[in-house]
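Novice: Take a look at this one; I'll ask things after.
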Amino acid sequence: MSKNIQQMVRLDRREALKAAGAGVLALGFATTAHATPEAAAEALSKATGGASATASDKVSISLPEIAENGATVPVGVVVDSPMTPDNYVKHIHVFAEGNPSPETISFHLTPTGKADVNTRIRLGKTQNVVVAAVMSDGSVLTGTKEVKVTIGGCGG
């Protein structure tokens with residue numbers, strides 16, 4: 001290669017490395033947008049067809065008070081319902097107020113069995129988890145529980 005071509009290649013490589021370094025720095029300083037309680041309320045309204053929700057002790061949420069690993073937080077929901085063809089839980093929706101998207105998971109139920117579901121969800125930070133149970137008569141019962149997500153399991 002001639003000396004001029006080598007200099008061009010070297011400069012191009014340097015410029016590429018500079019650009020890559022700037023990109024890495026930009027990614028390091030970028031923040032992930034999180035939902036707000038208002039966004040979670042809007043998602044709840046959309047999922048329930050705009051029905052008004054009522055806080056109820058019939059909705060029991062099982063969550064750890066402190067989650068050492070936000071990537072896999074166990075959550076259980078039990079709704080006190082007779083689960084008969086005339087009175088049952090049609091849907092259970094789970095929302096996380098501080099995740100990038102508040103919609104976490106939805107369960108669709110039939111009158112047979114129990115209104116008892118368990119799963120694992122990802123939580124990005126300490127936040128409220130809101131559960132909405134849509135009943136067969138169209139009413140919506142809700143429950144809320146806060147879970148503290150530690151950073152690296154060190155209580156941060």
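The values are calculated or read from the model by the stated rules, or taken from the named source; none is laboratory data. Nothing here was measured: the structure is a model prediction, and the numbers come from that model. Here the Cβ is made from the backbone with ideal geometry for all residues, glycine too, and neighbour counts use every protein chain on show.
Novice: Of the residues Ala71, Ala41, Ala55, only one is over 13 Å from Ala115 (Cα atoms), in contact with a strand residue (DSSP E or B) (Cβ under 6 Å, 6 or more places away or on another chain), assigned by TED's automatic domain parsing to the domain that holds Val129 and among the small types (Gly, Ala, Ser); which?
Specialist: Ala55
Novice: Being acidic (Asp, Glu) and within 14 Å of the chain's Cα centre (by Cα) is the filter; apply it to the range 90-137 and report the residue that is surrounded by the most Cβ atoms within 10 Å (Cβ to Cβ).
Specialist: Looking at residues that are acidic (Asp, Glu) and within 14 Å of the chain's Cα centre (by Cα), I get Glu97.
Novice: In this structure, is Lys90 over 15 Å from Ala35 (Cβ atoms) and among the basic types (Lys, Arg)?
Specialist: It is true that Lys90 is over 15 Å from Ala35 (Cβ atoms) and among the basic types (Lys, Arg).
Novice: Look through the range 74-89, keep the residues that are over 15 Å from Val131 (Cα atoms) and part of a strand (DSSP E or B), and return whichever of them is nearest to the chain's Cα centre (by Cα).
Specialist: Filtering the range 74-89 for residues that are over 15 Å from Val131 (Cα atoms) and part of a strand (DSSP E or B), the one nearest to the chain's Cα centre (by Cα) comes out as Asn87.
Novice: Taking the options Ile61, Ile121, Ile105, name whichever one is in contact with a Ser or Thr (Cβ under 7 Å, 6 or more places away or on another chain) and within 18 Å of Lys148 (Cβ to Cβ).
Specialist: Ile121
Novice: Still on this structure: Return yes when Gly70 is at pLDDT below 95, of a type outside the set (A, V, I, L, M, F, W, C), in a loop (DSSP other than H, G, I, E, B) and closer than 15 Å to Gln127 by Cβ and no when it is not.
Specialist: yes
Novice: Out of the residues in the range 29-58 meeting the condition of being at pLDDT 90 or above, assigned to a loop (DSSP other than H, G, I, E, B) and of a type outside the set (S, T, N, Q), tell me which one is nearest to Lys148 (Cα to Cα).
Specialist: Top of the filtered list is Asp57.
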